[in-house]
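Chemist: This is the structure I want to talk about, given as structure tokens.
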Amino acid sequence: FFYWPHFNSQLTKNLDPSRAFTEIISHIKGGLLAGEASDGKLSRQEYVSMSESRASTLSAQKREMIYDIFQDYEKMKVERREFDLSDFVINLHVRLKNRSLGGDKMDFVYVDEVQDLTMRQISLFKYICTNIDEGFVFSGDTAQTIARGIDFRFEDIRSLFYNEFVMESMHERNPERKEKGHLSEIFNLYQNFRTHAGVLRLAQCVIDLLCHFFAQSVDILKPETSLIYGEAPVLLEPGSEENAIVTIFGNNASTAGKIVGFGAEQVILVRDDSAREEVSNHVGNHALVLTIVECKGLEFQVILI
């Protein structure tokens, strides 16, 4: 977002900055095809041709615009002497291809929250574990992707693992032998042990919307179930011109102390840092305010979103 205002306005006015950044990080510099490029980045022709895929939601014209932004972004980074995470990952791949990683190798690698990694990040694990046949487990949920610039599904991981882990390993062991590798099936977990049924039913309403509008960005699975009954979360609908936070906590931080019971096991979740600052001006130190990224992996009894 620091770079976005400096790009050609004729390009940016028709594009969402988050979408453009995701295309750059997850596809042009971090996707399946990017690993085949000599410099770890897709050419313009390679990227634009992705619009012909049935899974593509971007036209060739928009991909042309995004690639123009990508080139301006790369040029601006060089001028500012800055780099992003994809540059770091590409550099690691280049060095590890030419020089073996020292130290002991791992026998087993379990990668949780894998949905927050790009394909090129995931492919780095092949350098630390040689037990390709049974040494890798990847788990996660694409409906819980919160890392900026990440866009993939588990089928993409299967394709990556087959081509870059299994087939490369078999070729290294026996270059003359033409043999197909085998992959484990994807196992889906539907039983939820952490959340009651009321929360799950509400969550499924959101998942259904994601599957409808962003079918190529999430894995479409059966709804989760719970052994614990619970009522659906409460929806507080403020009236027109009413600020829900002000209604609950008062007009300023000093009056927020009147709220009883909003303590260590409660939290207010907000979209980003700017929203946190706005909410904190109303609640002061009387409530914990976290962004979605910050609350990852934490649990609370009462959550205000």
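The values are calculated or read from the model by the stated rules, or taken from the named source; none is laboratory data. Note that the coordinates shown come from a computational prediction; the quantities given were computed from them, not determined experimentally. Positions of Cβ are backbone-derived with ideal geometry, glycine not excepted, and every protein chain shown enters the neighbour counts. The accessibility values were calculated without ligands, DNA or RNA, using every heavy atom of the protein model including side chains. Shrake-Rupley method; radii C 1.70, N 1.55, O 1.52, S 1.80 Å.
Chemist: Could you list, in sequence order, all residues of region 77-86 that are without any contact (Cβ under 8 Å) to a residue 12 or more places away in the chain and among the acidic types (Asp, Glu)?
Modeler: GLU79, GLU82
Chemist: Separate question: With THR57, THR22 as the choices, which residue is of a type in the set (Val, Ile, Thr), part of a loop (DSSP other than H, G, I, E, B) and either over 21 Å from ILE90 (Cα atoms) or modelled with pLDDT under 90 (or both)?
Modeler: Numbers: THR22 fails: part of a loop (DSSP other than H, G, I, E, B).
Within the list THR57, THR22, the selection yields THR57.
Chemist: Does LEU117 satisfy the condition of being closer than 26 Å to GLN216 by Cα, in contact (Cβ under 8 Å) with a residue 12 or more places away in the chain and open to solvent by 30 Å² or more (accessible area, probe 1.4 Å)?
Modeler: Working: closer than 26 Å to GLN216 by Cα: yes; in contact (Cβ under 8 Å) with a residue 12 or more places away in the chain: yes; open to solvent by 30 Å² or more (accessible area, probe 1.4 Å): yes.
Taking the combined requirement at face value, the residue satisfies it.
So that you can scan it fast, the table gives a plain yes or no per residue for (1) open to solvent by 50 Å² or more (accessible area, probe 1.4 Å); (2) over 22 Å from LEU11 (Cα atoms); (3) part of a loop (DSSP other than H, G, I, E, B):
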site	(1), (2), (3)
GLN71	yes, no, no
GLU74	no, no, no
PHE83	yes, yes, yes
ASN91	yes, yes, no
ASP104	yes, yes, yes
ASN131	no, yes, yes
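Chemist: Which residues, counting only those in region 275-302, are open to solvent by 70 Å² or more (accessible area, probe 1.4 Å), at pLDDT 85 or above and either under 18 Å from LEU236 (Cβ atoms) or of a type in the set (D, E, K, R) (or both)?
Modeler: Residues satisfying the conditions are GLU277, GLU278, GLU294.
Chemist: Name the single residue, out of those in region 32-65 being in contact with a Phe, Trp or Tyr (Cβ under 8 Å, 6 or more places away or on another chain) and open to solvent by less than 60 Å² (accessible area, probe 1.4 Å), that is nearest to GLU164 (Cα to Cα).
Modeler: Looking at residues that are in contact with a Phe, Trp or Tyr (Cβ under 8 Å, 6 or more places away or on another chain) and open to solvent by less than 60 Å² (accessible area, probe 1.4 Å), I get TYR47.
Chemist: Can you find a residue in region 189-201 that is open to solvent by less than 70 Å² (accessible area, probe 1.4 Å), at pLDDT below 85 and either out of contact with any strand residue (DSSP E or B) (no Cβ under 8 Å at 6 or more places or on another chain) or farther than 30 Å from ILE157 by Cα (or both)? Lay out the reasoning, then the answer.
Modeler: Taking region 189-201 as the starting set, the residues that turn out to be open to solvent by less than 70 Å² (accessible area, probe 1.4 Å) are 190, 192, 195-200.
Of the ones still in play, those that are also at pLDDT below 85 are none.
No, every residue in region 189-201 fails to be open to solvent by less than 70 Å² (accessible area, probe 1.4 Å), at pLDDT below 85 and either out of contact with any strand residue (DSSP E or B) (no Cβ under 8 Å at 6 or more places or on another chain) or farther than 30 Å from ILE157 by Cα (or both).
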